[in-house]
Amino acid sequence: MEKMFENQVAIVTGAGRGIGRAVAERLGASGATLVCTDVIACDETVAAITAAGGSAESMVLDVGDCENAAAVVKEIHDRHGHIDMLVNNAGITRDQLLIRMKAEDWRRVLQINLDGVFNVTQPASKIMMRQRSGRIVNIASVVGLMGNAGQANYSASKAGVIGFTKSLAREFGPRGITVNAIAPGFIQTAMTDKLNDAQREALVENLAIRRLGTPEDVAEAVAFLVGPGASYITGVVLNVSGGLYI
Ligand code: NAP
C-alpha cells in the first residue's frame, strides 16, 4: 500500500477493537504514525500495525474524562511535535425505549459519544490551529440522521456529533483544518453482535447492498477523508451504510 501518510501523526480513539482498530490499521498501513487510544491499552492493535511494518503506540484515554483527554493530547504533542489527524471513534450504546430509559443511561451515552468528541477535539484542534493544518473525522451514525426506536440517547448523541462537525468545519476551514463525519449503518462489530439471526436477516433485506458493513468499509472512508484527495471536502457527513439511509 502506498505510504501516503508518512511522517503524519494520527490519533484514533476507541482503537482497541471494531471500527477504531480497523481505522488505525488502515492509516498505519499507509505510513501514518498511530497513537491508538482506548480505556485500556490497545496492545493487539499496536501489534497488528507493527507486524505489518507500521509505526504505532498505545495510550490510555477515556474520552469521557475531560482532564485525561487534555493531558493525553498534550503528551502526544510533546512527544511528536505535531498532530495531523484525529479520528473520534470511541462510542457506546445503552439501548432502551424512552419510557424505560434510565437517566443514567441517557447521560452516559451523551457523556461518551458527544462530550467525548468535545473533550479530545478541543485540545487537539488548538494544536492544529497553530500548525494551520489538520484533519478531523468524527464517527457518527445513520441513526443520527434518521432516528431509531430504542436509541433516543444514541441517536441524539450522534446528531449532536453531526452538528458539532458542521460548526467546526466553518470555524476551522480558514486555518487549513477539515472536519468531516462518517455515518456508518450496520457494521459487524461487538456493537452489533447482539442481533440474532432473524434480526440480522430483516436488516439485510432493507439494505440496497445486501450485506452488513465491515469495519474495513468504514476505515476506507476515513482514509479517503484524511487523504490528499479530500483537501476540498469539509463539513460533510459521508454515509457508509450500504444504502440503509439514502
Ligand atoms: P465497539 O466494537 O464497541 O468498539 C468501541 C471501542 O470504543 C471499544 O474499544 C471500547 O472499549 C471503546 N470505548 C468505549 N468507551 C470508551 C471511552 N470512554 N473512552 C475511550 N474508548 C472507549 O464499537 P464499534 O462498532 O467499533 O463502534 C465504533 C464507533 O462507530 C462508535 O462511535 C459507534 O457509535 C460507531 N458506529 C458503529 C456502528 C456499528 O454498526 N458497529 C454503526 C454506526 C456507528 P471497550 O472495549 O473497553 O468497551
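Between E220 and R132, residue separation times 0.36 nm minus the direct Cα-Cα distance comes to 29.2 nm. In plain terms, the residue of V240, V117, V204 with the fewest other Cβ atoms within 10 Å comes first and the most crowded comes last, giving V204, V240, V117. Per-residue Karplus couplings for the range 234-246, computed as 6.51 cos²θ - 1.76 cosθ + 1.60 with θ equal to phi - 60°, are listed in order as 8, x, 8, 10, 8, 7, 10, 10, x, x, 5, 10, 10 Hz, Gly and Pro entered as x. Taking 19 Å as the cut-off, the amide N atoms of the range 131-145 that come nearer than this to a point 7 Å along the Cα-to-beta-carbon line of N206 belong to 140-145. In the range 116-186, the ratio of gyration radius to Kirkwood radius, Rg to Rh, stands at 1.04 when only Cα atoms are counted.
Counting every alpha-carbon pair across the range 58-106, the share separated by more than 13 Å comes to 69%. Here the range 37-184 is treated as a Stokes sphere of Kirkwood radius computed over C-alpha pairs; at 10 °C and 1.306 mPa s its diffusion coefficient rounds to 98 µm²/s. Computing FRET efficiency as 1/(1 + (r/R0)^6) for L98 and E6, where r is the C-beta to C-beta distance and R0 is 41 Å, gives about 0.30.
Just tell me the longest site-free run in the chain, where the sites are trypsin sites (Lys or Arg not before Pro) in a DSSP loop having at most 15 other beta-carbon atoms within 10 Å. Formally, the longest exposed-site-free interval is 4-101. Candidate cross-link partners of K102 among the lysines, defined by an alpha-carbon separation under 21 Å and a same-chain spacing of 8 or more, comprise K158, K194. Ordering I209, I112 from the fewest to the most neighbouring beta carbons within 10 Å gives I209, I112.
No value in this document is a laboratory result; all are computed from the given coordinates. Note that the structure is predicted; figures quoted are calculated from it, not measured. Neighbour counts run over all protein chains shown; Cβ positions are idealised from the backbone, glycine included.
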